[in-house]
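Trainee: Quick one: structure below, then a few questions.
Just so you know, all these numbers are worked out from the coordinates, no wet-lab data involved. Please read all numbers here as calculations on a predicted model, not as lab measurements. Counting neighbours? That spans all protein chains shown, and the Cβs are built from the backbone with ideal geometry, glycine included.
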Amino acid sequence: MRLSWLASIPAWAKRVQQRRHWTLLTVFEGILRILFKCAVKLLSPKKLRQLQYASFRARLVLKEVLRMNNALIIYFSRTGNTEKVALAIRKGLERGGLKVTIKRVEEAIEEDLYDYDLVCLGSPVLHSLPPPPVLKFIRKNDRRYRDAREVYVPSPKMVNKNALVFCTYSGPHCGIHEALPAGKYIRQFFEHLGFDVKGEWYEVGEFHGWEQGSTKGMLGDIRGRPNVEDLALVELKAIQLA
Ligand SMILES: Cc1cc2nc3c(=O)[nH]c(=O)nc-3n(C[C@H](O)[C@H](O)[C@H](O)COP(=O)(O)O)c2cc1C
């Protein structure tokens, strides 16, 4: 008898653990469906409505119990702007009660993104796109999860697998339109993996090393940005997200 399938048990066990929220909700909904099928025959319409309302409340409570608790922030930064935003997000998420791990993109290549309830990926915009280290990270993970048959057609949203995209940009020529391709590219990566993308945050950052780009561009004088106010706002948004 072939026993090679035994070797895949640890990987399966890990997947079940990572998707415990999904498993619990699916079991819960299965039980409810059976309950309703019996109840339709036994209960009056009024009692049936009460039961529906109670189950709706129970689902909300369960979702609250299973809320996000750990987050991973991955970022790349050449001149420090994106790093400042990443640190502000960390502060906000921690203040919101999450356990946060933060890593530069080069150190995060081995991370299993499904180990976290919230994954934030931050990047500067270089020539309207994410820079090569971020592209490499995305391509490598995309390949890895496709090879592991984790990418489905179409990609269903998983319970409690959330993502946040954040980009810093200077927009010297055409403002935020220079940043959108980078943000959207990162977004679709998460959506392929079934993550629910909670936001795309575009933060203005000084164009270090090009004074004209930082003072005479589409967004005016952006020297010193992201500044204290920008970062306070980011922190606030991160608290709300948590
Ligand atoms: C080589 C280079 C190319 C850039 N290209 C763009 C661009 O196409 N659009 C834009 O809005 N900003 C561009 N920027 C500005 C950066 O996106 C911006 O300064 C960003 O905040 C830098 O983030 P960092 O400090 O984390 O590296 C460019 C910067 C550099 C150095």
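Trainee: Between R95 and L62, what length in nm is gained on full extension when 0.36 nm per residue of separation is reduced by their alpha carbon distance?
Mentor: 9.6 nm
Trainee: Among L48, L98, L180, L121, which comes first, then next, by fewest other beta-carbon atoms within 10 Å?
Mentor: L48, L180, L98, L121
Trainee: Separate question: Taking the Cβ-Cβ separation of A232 and D112 as r and a Förster radius of 51 Å, what is the calculated FRET efficiency to the nearest 0.05?
Mentor: 0.95
Trainee: For a quick check, take a GNM of the chain with Cα springs below 10 Å and name the residue from G224, G205, G92 with the largest mean-square fluctuation.
Mentor: For the chain, modelled as a Gaussian network with Cα springs under 10 Å, the answer is G224.
Trainee: What FRET efficiency would be calculated for the residue pair T79, A54, taking the C-beta separation as r and a Förster radius of 41 Å, to the nearest 0.05?
Mentor: 0.15
Trainee: Scan around Y202 for amide H atoms under 5 Å from its own, H built in the peptide plane at 1.01 Å from N, and keep only partners 5 or more places away or cross-chain.
Mentor: Long-range HN contacts for Y202: C167.
Trainee: Test of understanding: ordering W210, W5, W201 by Cβ neighbours within 10 Å, fewest first, what list do you get?
Mentor: W5, W210, W201
Trainee: Which value at 222 nm does the chain reach when only helices count, each DSSP H run of 4 or more adding -39,500 (n - 2.57), with the total divided by all residues and rounded to the nearest 500 deg cm²/dmol?
Mentor: -15500 deg cm²/dmol
Trainee: Can you pull a Stokes-Einstein diffusion coefficient for the chain at 37 °C (0.692 mPa s), Rh from Kirkwood over Cα pairs, as a whole number of µm²/s?
Mentor: Estimated diffusion coefficient is 162 µm²/s.
Trainee: Specify which residue in the list L241, G171, F56 is farthest towards the positive end of the charge dipole of the chain, using unit charges on the beta carbon of Lys, Arg (+1) and Asp, Glu (-1), about the Cα centre.
Mentor: F56
Trainee: Let me ask something else. Pick from V61, V197, V134: which residue has the top mean-square fluctuation in a GNM of the chain where Cα pairs under 10 Å get a spring?
Mentor: V61
Trainee: So which residue, out of K41, K161, K198, gets the largest mean-square fluctuation from a GNM of the chain using Cα contacts under 10 Å as springs?
Mentor: Highest fluctuation of the listed residues: K41.
Trainee: Just rank V85, V228, fewest to most, by other beta-carbon atoms within 10 angstrom.
Mentor: Ordered from fewest to most neighbouring Cβ atoms within 10 Å, V85, V228 come out as V228, V85.
Trainee: Now for a different question. Can you give the FRET efficiency for K140 and I34, using 1/(1 + (r/R0)^6), R0 = 51 Å, r = Cβ-Cβ distance, to the nearest 0.05?
Mentor: For K140 and I34, the calculated efficiency is 0.75.
Trainee: Then there's this: Helix 180-192 versus the longest principal axis of the chain: what is the Cα-based angle in degrees, 0 to 90, to the nearest 10?
Mentor: 20 degrees
Trainee: Given a cut-off of under 8 Å on Cα pairs at least six residues apart, what relative contact order in percent is computed for segment 70-241?
Mentor: 27 percent
Trainee: Just how large is the dipole of segment 156-242 about the Cα centre, in debye to the nearest 20, putting +1 at every Lys and Arg Cβ and -1 at every Asp and Glu Cβ?
Mentor: Dipole magnitude for segment 156-242 comes out near 320 debye.
Trainee: Then there is this: I'd like the distance separating the alpha-carbon centroids of segment 181-242 and segment 126-169, in whole Å.
Mentor: Answer, in whole Å: 18.
Trainee: Under a cut-off of 19 Å between alpha-carbon atoms, report the lysines in cross-link reach of K140, not counting same-chain residues fewer than 8 places apart.
Mentor: Correct list for K140: K103, K184.
Trainee: So for the chain, taking the charge dipole from beta-carbon charges (+1 Lys/Arg, -1 Asp/Glu), which of L118, L32, G220 sits furthest toward the positive end?
Mentor: In the chain, that residue is L32.
Trainee: Moving to a separate point now. Under unit Cβ charges (Lys, Arg +1; Asp, Glu -1), what dipole magnitude, rounded to 20 debye, does segment 70-241 have relative to its Cα centre?
Mentor: For segment 70-241, the charge dipole is close to 220 debye.
Trainee: Please list, in order, the residues from segment 68-109 whose amide nitrogen is less than 18 Å from a point placed 7 Å along the Cα→Cβ vector of W210.
Mentor: Residues passing the 18 Å test: 77-82.
Trainee: Have a look at G80, I186, L98 and report the one farthest towards the positive end of the charge dipole of segment 70-241, computed about the Cα centre with Cβ charges (Lys/Arg +1, Asp/Glu -1).
Mentor: I186
Trainee: Where both residues lie in segment 137-242, what percent of DSSP beta bridges are antiparallel, nearest 5?
Mentor: In segment 137-242, DSSP labels about 10 percent of beta bridges as antiparallel.
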